[in-house]
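In what follows, a structure is listed as structure tokens, so that the remarks can point back to it.
The values are calculated or read from the model by the stated rules, or taken from the named source; none is laboratory data. Source: prediction; values computed, not measured. With ideal geometry, Cβ positions are generated from the backbone for all residues, glycine too; neighbour counts draw on all protein chains shown.
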């Protein structure tokens, strides 16, 4: 879990998306940090009220704040900006391409506090920035498993060591699907109630294949066989066949796997000689896509059977009535 990011890193990541332009305080880019996934509109601070001043957040100044600032005298502006900066704010961002008071630029250059300008409107700027900060600071964990994209569905394959997760993933790659992570999967809770999965390592897509050793998936299968990250759409657990266990055969009862309090669709696949695990995972992924599109095969079949039984029952009742007549 990342608990902070430097302004230099943030600027490099978001310069294009947020239409950012550095105006002052360049010396503080690699010193100032952001550790909160929220922003502050310092309207009250511009009136001298610092009781609830959220100084640990990025200070976003839109039309209201700039208009207030220009209604002050030069000395008043210099004093209020000096006081705001004394609270060790990360940076200032002035939206809508508005004119930035010279007093703010001077004070920020002296204190090495970055000032940015953006042509975006304030709501648009905040709407783009906050989700990116939430993604950066979201809780994360590493789990033992394989992560594959099959038919556009992010499938997290889990199970005990030696059950065949990597072999199943390898077969799926050979069948045209994409590897995201093998053996260890970094899961991060991001904005929009999504779980994002990726490899915890940054040096390529490698797999351990028992009897063969380490292979480079992108070299053997091509760059289109790998992907850096993907949202986790469903979880598949592989386990050895247990004759005493009752497995889901109809699909009417949905199972869920909870990660960071998010409930993800869950399928348990029993491993048995002669069963093609990769094909079953493919079918599970396709079935998940169908459900998202409103097609629930088990429920549709169940309703069809009930309609058929009702029709037969009505036919029998009608025949009995005719006989009575």
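Quick one: would you say residue 22 is within 17 Å of residue 119 (Cα to Cα) and surrounded by 15 or more Cβ atoms within 10 Å (Cβ to Cβ)? Criteria met by residue 22. Of all positions in the range 207-217, at least one carries a residue that is part of a helix (DSSP H, G or I), more than 19 Å from the chain's Cα centre (by Cα), surrounded by 12 or more Cβ atoms within 10 Å (Cβ to Cβ) and on the phi < 0 side of the Ramachandran plot. Scanning the range 125-164 for residues that are within 30 Å of residue 26 (Cβ to Cβ) and in contact with a strand residue (DSSP E or B) (Cβ under 9 Å, 6 or more places away or on another chain) yields a count of 11.
Is it fair to say residue 32 is within 32 Å of the chain's Cα centre (by Cα), in the same structural domain as residue 127 (by TED's automatic domain parsing), on the phi > 0 side of the Ramachandran plot and crowded, with 17+ Cβ neighbours inside 10 Å?
Values: within 32 Å of the chain's Cα centre (by Cα): yes; in the same structural domain as residue 127 (by TED's automatic domain parsing): yes; on the phi > 0 side of the Ramachandran plot: no; crowded, with 17+ Cβ neighbours inside 10 Å: yes.
It is false that residue 32 is within 32 Å of the chain's Cα centre (by Cα), in the same structural domain as residue 127 (by TED's automatic domain parsing), on the phi > 0 side of the Ramachandran plot and crowded, with 17+ Cβ neighbours inside 10 Å.
Restricting 95, 113 to residues that are under 25 Å from residue 17 (Cα atoms), without any contact (Cβ under 8 Å) to a residue 60 or more places away in the chain and crowded, with 23+ Cβ neighbours inside 10 Å narrows the list to 95.
Mind listing just one residue for me: the one in the range 125-142 that is closer than 12 Å to residue 187 by Cα and at pLDDT below 90 and, of those, surrounded by the most Cβ atoms within 10 Å (Cβ to Cβ)? Result: 138. Scanning the range 180-233 for residues that are more than 23 Å from residue 130 (Cα to Cα) and out of contact with any strand residue (DSSP E or B) (no Cβ under 8 Å at 6 or more places or on another chain) yields 202, 203, 210, 211, 212, 213, 219, 220, 221, 222, 223. Of all residues in the range 11-38, exactly one satisfies the criterion of being closer than 20 Å to residue 108 by Cα, in contact with a strand residue (DSSP E or B) (Cβ under 7 Å, 6 or more places away or on another chain) and in a helix (DSSP H, G or I), namely 11. Taken together, the residues in the range 267-290 that are free of Cβ contacts under 8 Å to residues at least 40 places away in the same chain and assigned to a helix (DSSP H, G or I) amount to 5.
Can residue 122 be described as touching a residue at least 12 places away in the same chain (Cβ under 8 Å), under 21 Å from residue 36 (Cα atoms) and loosely packed, with under 15 Cβ neighbours inside 10 Å? So residue 122 does not fit the description; no.
On the stretch given as the range 39-55, residues that are crowded, with 18+ Cβ neighbours inside 10 Å and out of contact with any strand residue (DSSP E or B) (no Cβ under 6 Å at 6 or more places or on another chain) total 2.
Does residue 238 satisfy the condition of being over 21 Å from residue 170 (Cα atoms), in contact with a strand residue (DSSP E or B) (Cβ under 6 Å, 6 or more places away or on another chain), assigned to a strand (DSSP E or B) and at pLDDT 85 or above? The answer is no for residue 238.
Does residue 258 count as surrounded by fewer than 12 Cβ atoms within 10 Å (Cβ to Cβ), out of contact with any helix residue (DSSP H, G or I) (no Cβ under 9 Å at 6 or more places or on another chain), more than 23 Å from residue 174 (Cα to Cα) and modelled with pLDDT of 90 or more? Considered against the rule, which asks whether it is surrounded by fewer than 12 Cβ atoms within 10 Å (Cβ to Cβ), out of contact with any helix residue (DSSP H, G or I) (no Cβ under 9 Å at 6 or more places or on another chain), more than 23 Å from residue 174 (Cα to Cα) and modelled with pLDDT of 90 or more, residue 258 comes out as yes.
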